[in-house]
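Peer 1: Handing you this structure, nothing more for now.
The values are calculated or read from the model by the stated rules, or taken from the named source; none is laboratory data. Computed from a predicted model, the values in this text were never measured in an experiment. Every residue, glycine as well, gets a Cβ built from its backbone with ideal geometry; the counts of neighbours run over all protein chains shown. The area values use the complete protein model at the heavy-atom level, side chains included, leaving out ligands, DNA and RNA. Shrake-Rupley method; radii C 1.70, N 1.55, O 1.52, S 1.80 Å.
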Amino acid sequence: MNKALLAALLALPLLSACENMPENNHSDGPPVAEKRPSERSYHGLVLEDDYFWLKDPSYPDTDDEDVLDYLRAENAWFERQMAPRHELVETLFEEMKGRMEEDLAEVPWIEGGYEYRWRYSPGSEYKLWERRASGSDEYETILDEAKEAEGHEFFSLGNLSISPDGKRLAWSADFNGSEREHLVVDDLATGERFADGSERVSSGGLAWAADSDSIYYSEVEEDAWYTLRVKQHVIGTSAAKDREIFYNPDRTLFLSLSESRSREYVLITMDDRTTTYTYHFPTDASEAKPELVSPAREGVRYVADHANGQFYIRTNDEHVNFRIVTAPEDTPDASHWQSLFPPSDDIYYRDITVFDDFVAIEETSEGLSRVRVRLNSGEEHYVRFDEDVYTASLGINADPAAKFLRISYESMITPDTVYDYIPAQKKMTLRRQQQIPSGYNKSLYTTGRIWVTARDGVEVPVSIVHRKDVVLDGQAPMLLYGYGAYSHTVNPTFSTLRPSLLDRGVIWGIAHIRGGAAMGYQWYLDGKLEKRTNTFNDFVDVSRHLVENDYTNPERLAIMGGSAGGELVGAAVVQAPEMYQAAVLQVPFVDVLNTMLDETLPLTPPEWLEWGNPIESKAAFELIQSYSPYDNVEAMDYPAMMVTGGLNDPRVTYWEPAKWTAKMRALKTDDNELIMKINMGAGHQGKTGRYASVYEWAEEFAFVLTQLGVESVDTQD
């Protein structure tokens, strides 16, 4: 740590919150959670946990004063430790704000005869949603998020959908971070508001009935955080009268709801990450009676959509990388599936968007995202881009009759760019590129990809960006980011935040480790269940490669990850603490074994097929225990750590970062900094609002920079 910073930290007065902790707390240091030994037995094995008490027994209500006192004391210690960094945080925050377009606006899109867009008013934390009729020059506001957020510490817009007749807007929002949303319908013609919808709507989607008088939604259970039901809400009636049209009591299945591309069907998808099946019913049905698109088959996943009078289905029934098939509207079961895009060892099909005249495919090949287009004539081609390492994806394509395809494009040095691409002409038109008001010179930076041989011989791709004037002599500071779970791929994208590190000489790397799907769907399968440790090993092996090849050294290497990526970071510092100077664990899923043993938690049963079921299987218990970061904290030196969490987080519950911090404080043998911040009024995503969330990134960057001994910024010429 910077010596001046360390001196300033030690010179600060103690905060009273720490003095209110139990008697075993040190009066001259950070809060130390009381040890309350507990034992539980599974499969003849005893699981000991001194900090099990930090899970409030009345959860999801958290009102245990001992628990709250500890969290408040940790937050006070966080503020104390961050105080000497205040000027740096403010500097970073202003830099980051300076790169944000205050009046940023999305490229308008056509839907149902209207042109829609969202934009930010200068200085606003939230979006303003607008539309105008075709041929009109004037936009009208249909939703002002800033107005809806007034008086709320937390506001996050979830679902948003226009009725088929274009006269009503249905939206839902989370007001406390619990991921339970209140359904609201606004009449766009009269201005009348119907706030009589359920207050437990899931973010899993909305679907309108064809008559625009009712809406279908999935509902979070009253006393839990999982979704089992789909209901129909008639606009203007009490939510208590909503009719249940679908119920599945199997908590191991995730439920999501959507409208088909044609708006002719409501689709209810059930998925446990190994097996999927979808129900459908017409949006014009007088009474919804969901029927299966195709019966479930163990190990077969499929996602269905409807357009042009038939179903389009992405499925892994023949290959791990999926294929895309079509099926007749009246007989969409698997026996009638016809391949449109056959399976491939080299191509992983991720998404499809259907137009009247062509289809567009989003796929992964050779570790990069690509966009493929097939015209109705059968001719097909890839959309070409100039850079070697980039991210291309399908943008907002709401109008099936459009003759162009909207594409989002960016790289680690190219700001977010929106193109309209006409497949019939192979013509690309630039619609918008993200502007950097404070200035940005792309030529100052370089980006590329390296390949790292993991300990089992597998080649792992790593995306890297840094200033061209950084010397790769092993002395450069570096931040390595990773996730590695659920097939989610952290793509090489642009960030307006990142230059605050790059311009201080920091190298940024993304390790595309197994557990994600950077190299195809098998890449994901090779990082889950009994192969889970591949993810952590890949990350550590990438770290060693970066050191051995003079990108950085252990005293100048920091790592960062959130949620399952926080688990990754925790596992890395437990496996190889000597490799890192600092680690940032954002809402970290570090208490894996205890969570997978608690079937009362909303996400536990569906997660057993991701991690294993330690309740039923001794082998799963022992495997998870062998890598679960919390269970493997030992008395040794660890890097400096910053840990974050949210009191209302239903995904990674607050006690996971709290228990990790408490146990780490008790066992670590070093004097390195350990701080934790729990957002007391937020959930998994932290604070809402574009500037509030950026401020939290500024705090994390300030922590990393001071730990790596970097504070100055180079001038961009």
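Peer 1: Give all pairs with beta carbons closer than 9 Å in which a residue from region 335-351 that is in a strand (DSSP E or B) meets a residue that is surrounded by fewer than 18 Cβ atoms within 10 Å (Cβ to Cβ) and aromatic (Phe, Trp, Tyr); count only pairs at least 6 apart in sequence or on separate chains.
Peer 2: The qualifying pairs do not exist here.
Peer 1: Sticking with this one: Going through region 459-494 one residue at a time, which ones are in contact with a Lys or Arg (Cβ under 9 Å, 6 or more places away or on another chain), small (Gly, Ala, Ser) and either assigned to a loop (DSSP other than H, G, I, E, B) or more than 25 Å from Arg651 (Cα to Cα) (or both)?
Peer 2: Listed by number, the residues that qualify are Ser463, Gly474, Ala476, Gly484, Ser487.
Peer 1: Let me ask you something else. Report, by residue number, each residue of region 422-458 that is more than 18 Å from Thr391 (Cβ to Cβ), of a type in the set (S, T, N, Q), open to solvent by less than 80 Å² (accessible area, probe 1.4 Å) and in a loop (DSSP other than H, G, I, E, B).
Peer 2: Within region 422-458, Ser438, Asn441 qualify.
Peer 1: Something else: Tally time: how many residues in region 43-95 are touching a Phe, Trp or Tyr at 6+ places or on another chain (Cβ under 8 Å) and under 30 Å from Gly709 (Cβ atoms)?
Peer 2: Within region 43-95, residues that are touching a Phe, Trp or Tyr at 6+ places or on another chain (Cβ under 8 Å) and under 30 Å from Gly709 (Cβ atoms) number 5.
Peer 1: Still on this structure, please answer the following. Determine whether Glu244 is without any contact (Cβ under 8 Å) to a residue 24 or more places away in the chain, open to solvent by less than 50 Å² (accessible area, probe 1.4 Å) and either on the phi < 0 side of the Ramachandran plot or in a loop (DSSP other than H, G, I, E, B) (or both). Show your work before the answer.
Peer 2: On the way: without any contact (Cβ under 8 Å) to a residue 24 or more places away in the chain: yes; open to solvent by less than 50 Å² (accessible area, probe 1.4 Å): no; either on the phi < 0 side of the Ramachandran plot or in a loop (DSSP other than H, G, I, E, B) (or both): yes.
No; evaluated as a whole, the condition is false for this residue.
Peer 1: I want to confirm something. Restricting to region 316-359 and keeping residues that are farther than 22 Å from His381 by Cα and hydroxyl-bearing (Ser, Thr, Tyr), which single residue is least open to solvent (accessible area, probe 1.4 Å)? I'd like the intermediate steps shown before the answer.
Peer 2: Kept after step one, since they are farther than 22 Å from His381 by Cα, are these residues of region 316-359: 316-320, 327-337.
Next, from what is left, pick out any that are hydroxyl-bearing (Ser, Thr, Tyr): 331, 335.
Working: Thr331: 52, Ser335: 90 Å².
Per the criteria, the residue is Thr331.
Peer 1: Within region 380-387, does at least one residue satisfy the condition of being more than 30 Å from Thr446 (Cβ to Cβ), surrounded by fewer than 17 Cβ atoms within 10 Å (Cβ to Cβ) and without any contact (Cβ under 8 Å) to a residue 60 or more places away in the chain? Quick ask: steps written out before the conclusion?
Peer 2: Just the residues of region 380-387 that are more than 30 Å from Thr446 (Cβ to Cβ), to begin with: 380.
After this cut, where a residue has to be surrounded by fewer than 17 Cβ atoms within 10 Å (Cβ to Cβ) as well, the list is 380.
This time we only want the ones that are without any contact (Cβ under 8 Å) to a residue 60 or more places away in the chain, so: 380.
Yes, region 380-387 contains at least one residue that is more than 30 Å from Thr446 (Cβ to Cβ), surrounded by fewer than 17 Cβ atoms within 10 Å (Cβ to Cβ) and without any contact (Cβ under 8 Å) to a residue 60 or more places away in the chain.
Peer 1: Is one or more of the residues making up region 611-620 at positive phi and modelled with pLDDT of 95 or more? Show your work before the answer.
Peer 2: From region 611-620, those at positive phi are 612; that's our starting set.
Next cut, modelled with pLDDT of 95 or more only: 612.
Yes: region 611-620 contains one or more residues that are at positive phi and modelled with pLDDT of 95 or more.
Peer 1: Filter region 635-671 down to the residues that are free of Cβ contacts under 8 Å to residues at least 40 places away in the same chain and open to solvent by 10 Å² or more (accessible area, probe 1.4 Å) and list them by number.
Peer 2: Our first condition is that a residue be free of Cβ contacts under 8 Å to residues at least 40 places away in the same chain; within region 635-671, this holds for 635, 664, 667-671.
Result: Ala635, Leu667, Lys668, Thr669, Asp670, Asp671.
Here's the yes/no breakdown for (1) assigned to a loop (DSSP other than H, G, I, E, B); (2) at pLDDT 95 or above:
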{"position": "Trp608", "(1), (2)": "no, no"}
{"position": "Asp631", "(1), (2)": "no, yes"}
{"position": "Pro650", "(1), (2)": "yes, no"}
{"position": "Trp660", "(1), (2)": "no, yes"}
{"position": "Trp697", "(1), (2)": "no, yes"}
{"position": "Phe701", "(1), (2)": "no, yes"}
{"position": "Gly709", "(1), (2)": "yes, yes"}
{"position": "Asp717", "(1), (2)": "yes, no"}
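Peer 1: Continuing with the same structure: Within region 228-240, identify whether any single residue is crowded, with 16+ Cβ neighbours inside 10 Å and under 23 Å from the mean Cα position of the chain (by Cα), and answer yes or no.
Peer 2: yes
Peer 1: Cβ contacts < 9 Å: first residue open to solvent by 10 Å² or more (accessible area, probe 1.4 Å), restricted to region 254-276; second residue part of a strand (DSSP E or B) and basic (Lys, Arg), any location; separation 6+ or different chain. Result?
Peer 2: Final answer for the pair search is Leu255/Arg229.
Peer 1: Looking at region 277-304, which of its residues are within 25 Å of the chain's Cα centre (by Cα) and crowded, with 22+ Cβ neighbours inside 10 Å?
Peer 2: Correct list: Thr278, Tyr302, Ala304.
Peer 1: I've got another one for you. Kindly evaluate Arg374 against the criterion of being within 13 Å of Asp357 (Cβ to Cβ) and outside any loop (DSSP other than H, G, I, E, B). Show your work before the answer.
Peer 2: Values: within 13 Å of Asp357 (Cβ to Cβ): yes; outside any loop (DSSP other than H, G, I, E, B): yes.
The answer is yes for Arg374.
Peer 1: A further question on this structure: Which residues, counting only those in region 167-177, are open to solvent by 10 Å² or more (accessible area, probe 1.4 Å) and either of a type in the set (Phe, Trp, Tyr) or assigned to a loop (DSSP other than H, G, I, E, B) (or both)?
Peer 2: Hits for region 167-177 are Lys167, Phe175, Asn176.
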